[in-house]
1. Could you please give the count of residues in segment B:225-256 that are open to solvent by less than 60 Å² (accessible area, probe 1.4 Å) and either under 25 Å from B:Ala171 (Cβ atoms) or aromatic (Phe, Trp, Tyr) (or both)?
2. Of the residues A:Lys158, A:Lys153, A:Lys162, which single one is at pLDDT 90 or above, open to solvent by 60 Å² or more (accessible area, probe 1.4 Å), away from every other protein chain (no Cβ under 14 Å) and more than 16 Å from B:Trp207 (Cα to Cα)?
3. So in segment B:274-301, with the set limited to residues that are outside any loop (DSSP other than H, G, I, E, B) and out of contact with any strand residue (DSSP E or B) (no Cβ under 9 Å at 6 or more places or on another chain), which one is surrounded by the most Cβ atoms within 10 Å (Cβ to Cβ)?
4. Count, please, the residues in segment B:177-197 that happen to be under 17 Å from the mean Cα position of the chain (by Cα) and more than 10 Å from chain A (Cβ to nearest Cβ).
5. Take segment B:420-474 and flag every residue that is part of a strand (DSSP E or B) and either touching an Asp or Glu at 6+ places or on another chain (Cβ under 7 Å) or of a type in the set (Gly, Ala, Ser) (or both).
6. Condition first: more than 40 Å from the chain's Cα centre (by Cα) and more than 7 Å from chain A (Cβ to nearest Cβ). Now tell me which residues in segment B:220-262 satisfy that.
7. Can you pull out the helices (runs of 4 or more DSSP H) entirely within segment B:96-188 that have at least 3 residues that are closer than 30 Å to B:Ser369 by Cα and touching a strand residue (DSSP E or B) at 6+ places or on another chain (Cβ under 6 Å)?
8. For the structure I just gave you, tell me whether B:Glu307 is among the charged types (D, E, K, R), surrounded by fewer than 21 Cβ atoms within 10 Å (Cβ to Cβ) and over 21 Å from the mean Cα position of the chain (by Cα).
Amino acid sequence: VSHKLLNTYAWSANLKSAGSAGAFLLATCSLAGCPDDKTGAIAPVPTATATPTGTPPPPPGPLQTPAAKNGRLKFKGGDRITADLASALALEPSAVCKEFGLYDCAGLAHKITLGGVEPYNLTVYQASTERGVSTANAVERLALSACHMRMEKDFADKGKAKLFGELVGAAPSEASLSAVASRLYLKLLGRAATTEEIQAWSVSTQMPKLRQRRTPPKTMQPTAVSPWRPRKRRSSTDPVERSLVQRLRKL
Amino acid sequence: MTNSKTTPSLSLSRRDLLRGASATAGAYAASQVLGGSRIARADDKRPPKFLIVLGASGGASVIDGPMAIRATESKNARTVNCYEDANVTTALGDLRAVKHVAPSVGPIPYAIDIDQASFIRKYGVDMQVVTATTTSVNHSVAQRRSVTGNEAWRGRTLQELVALEYGSGLALPNVHLSTGSEFTARGTDGSLPAYAFGETIADPLLWPLSTHGSRGIAGANQDMVARARTLRDDKLRKASQFSRIFDGAPNLKKWRALRAGQEQFEKADLITKLMLAAEGDAYPLRNAGLSEAPVAAGVRAKFPNFERDPLEAQAAMAFLMITQGVSVTATISASFGFVYTGKPGSADEPLEAGGVKNLPIAFDFSHTSHRAAQAFMWERMYRTAGSLIDLLKATEYAGGESYWDRAMIYIPTDFGRTKVRPEDAPDFGSGHDLNNGFVMLSPMLKGGRVLGGVDPDSGMTYGFSLATGAPEKGRTTSEKEVFGGILNTLGVTTTGSGLPDVPAMRR
């Protein structure tokens, strides 16, 4: 049951791993967080040995989820992307992105572009159902700004570093980069990185290929950062499993 | 009768191709991306024409503007909405102008002294009034019908048709700079390519920032961003379970198509070319590594209240978007919000001169104070149009032609106002009336003309011969005819539409 639960949750979390704000932020934060000579310690990344039973779970092989037939996705919108970024990067929502340092990106500057409504001054009562040509840029601006804010904080105070601790004051190593990459996946997409993803990331950051597979952590908070979310989550038809999943999510 | 003009077959093929390929990410992206700072149409050599829709929200009455009635002309002068002879000038050709002085606008303690004549004398040569009797006195419905010709052609809007005709290959062919009105309604013909539909820019001053993914963001390194995008698109996305499951999702396909055009969008440097704001505390451009548009100072000079008056900001951005090759049509409009500067004002302490920018509910404030509201709001429309014309005239399109030579400003409005007043009342409240007319300005129109006329005894307008423009008292002009006439004038292909041709309108 625990394996089944884990897989169910991993599948659910994997649904959120879009190649958009989360992946972009993942990529930018990863690349931006590779300075030359930084060292530091930080909480270990959850691994297979940290499972509650002490029994290493099987490695996450390719999931067998078929391609969605209808693929009904809905844009998350600026407010939720901001909330996700703030949660993942341990930032105040108001600190995620401000144009010119003055105008909140999701709340003001790009509010309508990001699918928001503003009834009081603009009399925009309904969010646009279509994304505009500048929406992708607005999402990236949010992600970049949030990433920069997190980096500033982490490199200013190694002891309070949340994401890039291993890289503060030390030359990046395979272990430190791997740890940061894994943590970024966990924080931003709400799941552990797969081997394939770690390898893809490592190549792009000139990191040697990692041979060991990462496994999902024992608990994962649904902090996925993606501008897209499935409209409906597939839920198990097994009432016992469903109940357990719900309980696990409350943890 | 339809427009006999035909679009080059190559262009039609391209459009058809784009229609068919609109679901295909690559083609969609290609149709969305700006190739340069100039109009770029590789396969259609026909130069574009431009449409600026300047919405007169709330009901702009033509008999309080270019078709004003003199008291001595009417048998019912005491009860029909007509003006003292001294306050009505025939400023140019058929076009009249009203002078109106009032100590307040209804209960708003704001004195006005307005004379429309100077505008008409300067721009009337390109100005035309087309009388019309519309079909709704509901604001939203009527506004929509003023841009769809009462759904005359499969529910397409004028803006969509202009974008369809001239906008392929542009970044944002049909831009909606105003919000909160149905002048920016989305048409109902879903078969049009995506680029023809309008896109809203709610904040013209900050929106240019979103034309670039990283410039102006603290700590952003563009090389790093480019690498991150490559990593995301080439590696992480392919490794993602989400992609495996949802790659076929239509919304995701569109999203990726939009994203595929990001770099070309950025290369166009619109973050600079459209940056209207000036360096200062409100917009610290230098600190963000940005700069204003090279022409921004000149545009701001024409729209000095752009930071406080949304209509001025919209108009300024409309000019930039058209002349920078981003758009072929822009929609702007007076909002229903009360826009003023300074203290709120009171009976003892009036609002400062020039302080009121927009009346609450715009032209519809005529319910409370018809004449003052109409005078104030017409002047606002005229001033905005005049500034736009000045800028467009001063900007060369190509071969000695200015942008204005190829542009039209269409001033749609919801409907007219009731034509009667309490006996001898100098000001009064009015209701909604289907009978009215539309004002438009363009060198492509037969200017200085009123097509149709007005019965001075009732204040009701009447129609004209669509072929010759001769007044016809027993006829009224429909929204469909006005719609067709505008499209004809702009050279939009209307073959097969069933729309009437209105040669009387165009030069």
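1. Qualifying residue count for the region: 13.
2. A:Lys162
3. Out of the qualifying residues, it is B:Val299.
4. Residues that pass the stated criteria total 7.
5. Correct list: B:Gly437, B:Leu441, B:Leu445, B:Arg449, B:Val450, B:Gly453, B:Tyr462, B:Gly463, B:Phe464.
6. Listed by number, the residues that qualify are B:Asp234, B:Lys238.
7. B:117-123
8. So B:Glu307 fails the test.
The values are calculated or read from the model by the stated rules, or taken from the named source; none is laboratory data. What you see is a predicted model; the values in this text were computed from it and never measured. Positions of Cβ are backbone-derived with ideal geometry, glycine not excepted, and every protein chain shown enters the neighbour counts. When the accessible area is computed, the model is the full protein with side chains, heavy atoms only, and any ligands, DNA or RNA have been set aside. Shrake-Rupley method; radii C 1.70, N 1.55, O 1.52, S 1.80 Å.
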